[in-house]
Amino acid sequence: MFDAALDVIPLAIVAATPLLLAVQGELVVQRSGIINLGIEGMMLAAAMTAVLTAQLTSSVALGFLGGVAGAALIALIFGFFVIALKTDQIVTGTAINLLAVGVTSFVYRELQGASFVQSVPRPRNEIVLPLAWIVFPIVLAVLLWNTTIGLRLRACGENPEVIGAKVPRYRALALAIEALLAGIGGAYLALALSSGFAENMTAGRGFIALSIVIFGRWKIKGAIVGTAIFGLAAALQYALQASARGVPYHLLLAVPYLVTLLILCGIAGKVRAPESLGR
């Protein structure tokens, strides 16, 4: 059993990479006082625009830029309503997800014969994985806890009255960071982990990211640990499927989500969210 767990670690790291990027982006946004349920839609839009861009240009790098652009568009819509118009964050995020699912499904079905059957360039893991697991966590940790910008951004989530009129500016910055990370995550999901785009291919990763942020107590180290646990559960699920032990396929698919649920049940009532989160 121990050897089997060691064997799936590389697969776990690769499989959890899009999720880790989304978790880091959501952590930054929630530190600024915003709950973005629309992160699922951001990743889904990024996956589609990444594939379309990569196919049109035959470039992996431009594919990732296309993914970031798709996520940025969704973030712009969400930010306009939440920051500028001060609408309810939960309702707006839910609407954004429904919009992203509807639009991407429509585009997929309209272009399936022409675009989504083509092969896409694949990124190199030796570049993306260190960025997601080492570089971005270090940069975000330094930004949030060792700079004036990070201090003010966190103040927006704890006591926004201290920042005053600059709160929208810092929350917009947090959304921009999330769009960058979620865009890279969605692009990696489509270009590296899949052979292209498929409807609803994010499979709830955005919502899992929300739960891992809570598990990690809104800290980078906790976010990495939570993502690693989910990744190991997902990798073990793949290994069990390959072993063909007679376990029903649909039960195996539920394993990573069940692990996440059990973790959340174990920490319920034991965490303190940013004071002004969701306000």
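None of the figures in this text is laboratory data; all of them are computed from the coordinates on show. No experiment lies behind these values; they were computed from the predicted model shown. Reconstructed Cβ throughout: ideal geometry from the backbone, glycine too, with neighbour counts over all protein chains shown.
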Distance histogram in 10 Å bins (all Cα pairs of the stretch 1-152, percent per bin): 10, 31, 35, 20, 5, 0
Take the alpha carbon atoms of the stretch 17-51, find their center, do the same for the stretch 71-100, and report the distance between the two centers in whole angstrom. 12 Å
3J(HN,Hα) from dihedral phi, the stretch 60-65, Karplus parametrisation 6.51/-1.76/1.60, rounded to Hz, x for glycine, proline: 5, 4, 5, x, 5, 4
Once fully extended, how much extra length lies between S194 and L261, figured as 0.36 nm per residue of separation less the alpha-carbon to alpha-carbon distance? 21.5 nm
For the stretch 21-27, just list the computed ³J(HN,Hα) in residue order, Karplus coefficients 6.51, -1.76 and 1.60, θ = phi - 60°, integers in Hz, with x standing in for Gly and Pro. 4, 5, 4, 5, x, 5, 4
For the stretch 41-56, Karplus-derived ³J(HN,Hα) couplings (6.51, -1.76, 1.60; θ = phi - 60°; whole Hz; x for glycine and proline) come out as x, 4, 5, 5, 5, 4, 4, 5, 5, 5, 5, 4, 5, 4, 6, 6
Can you pull the one-decimal nm distance between simple spin-label points at I149 and L11, each 7 Å off the Cα toward Cβ? 4.0 nm
Radius of gyration and maximum dimension Dmax of the stretch 2-267, Cα, Å: 18.2, 60
Surrounding charge for T104, neighbours by C-beta under 14 angstrom, Lys/Arg +1, Asp/Glu -1, total -2
Could you check the spin-label model distance between A61 and V142? Points 7 Å from the Cα along Cα→Cβ, value in nm. 2.3 nm
Can you list residues from other chains, or at least 5 along the same chain, whose modelled amide H is less than 5 Å from the amide H of T87? V82
